[in-house]
Amino acid sequence: MTTSDISKSNTQTITTLDVLPPNHRGTITCVHGAGAFKKRILGMGIVAGTEIETVRSAPLGDPVEYRLKGYCLSLRKSEAKLIEINNVTEIK
C-alpha cells in the first residue's frame with residue numbers, strides 16, 4: 001500500500017503500522033504476536049484504541065519512529081507489521 005493509496009482509501013480500512021507513511025496517524029485496533037514481544041509492546045502503551053503517528057524512518061527505512069501518548073519510540077518494520085490500525089488521516 002502506498003502513501004497515495006492510504007490517502008485515498010476509506011479511513012475505516014484496517015492496515016498495518018508498517019505501511020503508515022510519515023505525517024499520518026491512525027488508531028491501533030489490534031496487536032498480534034505472543035510472549036515477550038507482545039508483553040513488551042503492550043507495556044509501551046501500544047494498545048487498542050491508542051492514536052499513533054509516524055514521525056520518520058531511518059535512512060535505510062528501518063527502524064521507524066512513532067509518536068503516541070506524548071512520547072516517541074522506534075520499532076522495526078517486522079514489529080510494526082504485527083500492529084493493525086484504522087482511521088488513517090494525514091497530519092497537516
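None of the figures in this text is laboratory data; all of them are computed from the coordinates on show. Source: prediction; values computed, not measured. Virtual Cβ from ideal backbone geometry, glycine too; neighbours counted across all protein chains shown.
Out of ARG56, ARG40, one residue alone is assigned to a helix (DSSP H, G or I) and not small (Gly, Ala, Ser). It is ARG40.
Would you confirm whether any residue within region 77-85 is under 12 Å from ARG25 (Cα atoms), in contact with a Gly (Cβ under 8 Å, 6 or more places away or on another chain) and in contact (Cβ under 8 Å) with a residue 40 or more places away in the chain?
Within region 77-85, one or more residues are under 12 Å from ARG25 (Cα atoms), in contact with a Gly (Cβ under 8 Å, 6 or more places away or on another chain) and in contact (Cβ under 8 Å) with a residue 40 or more places away in the chain.
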